[in-house]
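The values are calculated or read from the model by the stated rules, or taken from the named source; none is laboratory data. Keep in mind it's a predicted model, so treat the numbers as computed, not measured. Methodologically, a virtual Cβ is constructed for each residue, glycine included, from the backbone with ideal geometry; neighbour enumeration extends over all protein chains shown.
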């Protein structure tokens, strides 16, 4: 969502019950745009719960399968059936297989939800980086990003480094004279204006007498040709 104040496609950051633009700090609507400190959290929470439930189902289901299998074995043994062991093993094994399938589904589903949440958060953070670069005439430092997006300096530097490593030249790394790492987005740099007068070369004056030697040379050639014709006539 475009910020009406800085005109950047910047995410928001939620502080208390209000949302603010990560690029310029102006108040923004609480709904309608992604917040850097909220993005991906529902997915990650859901993934964590699914993973915990997966382990609970795995451990509890395995224990229940053993108990129920042993119970069936005992009942069939009391009944005097020769197949008591087989029945108990079949029932317990079936419940164990069902338990493993459910547990694995929850564990893998939880992991997928967690990765999706991390990916969503990363996308919103990268959106905030480009919006901040647009506000700051095409360049940012890790400290700028950390302060604007409410993350650590180490995470900001990691995000910026990963953008450079993509190899698409959308983000480049430069080092200032004082050693500060500055990440530049070339497409957001202000255009360079060239003064038309500076592009013109210096004017050189040519003296009129510069053409005289050529004229005299042509006259000498004409005179010598006329003398040759006179000799031939004689």
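Of all residues in the stretch 171-186, those that are loosely packed, with under 14 Cβ neighbours inside 10 Å and either touching a helix residue (DSSP H, G or I) at 6+ places or on another chain (Cβ under 8 Å) or in the same structural domain as residue 13 (by TED's automatic domain parsing) (or both) total 2.
Taking the residues in the stretch 9-21 that are within 18 Å of the chain's Cα centre (by Cα) and modelled with pLDDT of 85 or more as candidates, determine which candidate is farthest from residue 128 (Cα to Cα). Ranking the candidates gives 12 first. Quick check on my filter: what residues within the stretch 161-170 are in a helix (DSSP H, G or I) and either in contact with a helix residue (DSSP H, G or I) (Cβ under 6 Å, 6 or more places away or on another chain) or free of Cβ contacts under 8 Å to residues at least 24 places away in the same chain (or both)? Passing the criteria: 161, 162, 164, 165.
Summed over the stretch 116-151, the residues that are within 17 Å of residue 13 (Cβ to Cβ) and part of a strand (DSSP E or B) give a count of 1.
The C-beta contact set for the stretch 141-154 (first residue assigned by TED's automatic domain parsing to the domain that holds residue 175, second residue surrounded by fewer than 14 Cβ atoms within 10 Å (Cβ to Cβ) and at pLDDT below 90, distance under 7 angstrom, 6+ apart or interchain) comprises 141/180.
Taking the stated definitions as given, is residue 70 in contact (Cβ under 8 Å) with a residue 12 or more places away in the chain and surrounded by fewer than 19 Cβ atoms within 10 Å (Cβ to Cβ)?
Values: in contact (Cβ under 8 Å) with a residue 12 or more places away in the chain: yes; surrounded by fewer than 19 Cβ atoms within 10 Å (Cβ to Cβ): yes.
Yes.
Can you find a residue that is at pLDDT 90 or above, in a helix (DSSP H, G or I), over 18 Å from the mean Cα position of the chain (by Cα) and closer than 18 Å to residue 44 by Cβ anywhere in the stretch 95-106? Within the stretch 95-106 (the criterion being at pLDDT 90 or above, in a helix (DSSP H, G or I), over 18 Å from the mean Cα position of the chain (by Cα) and closer than 18 Å to residue 44 by Cβ), the answer is yes, since at least one residue qualifies.
Quick one: would you say residue 88 is modelled with pLDDT under 90, surrounded by 18 or more Cβ atoms within 10 Å (Cβ to Cβ) and more than 19 Å from residue 49 (Cα to Cα)? Judged against the criteria, residue 88 is a match.
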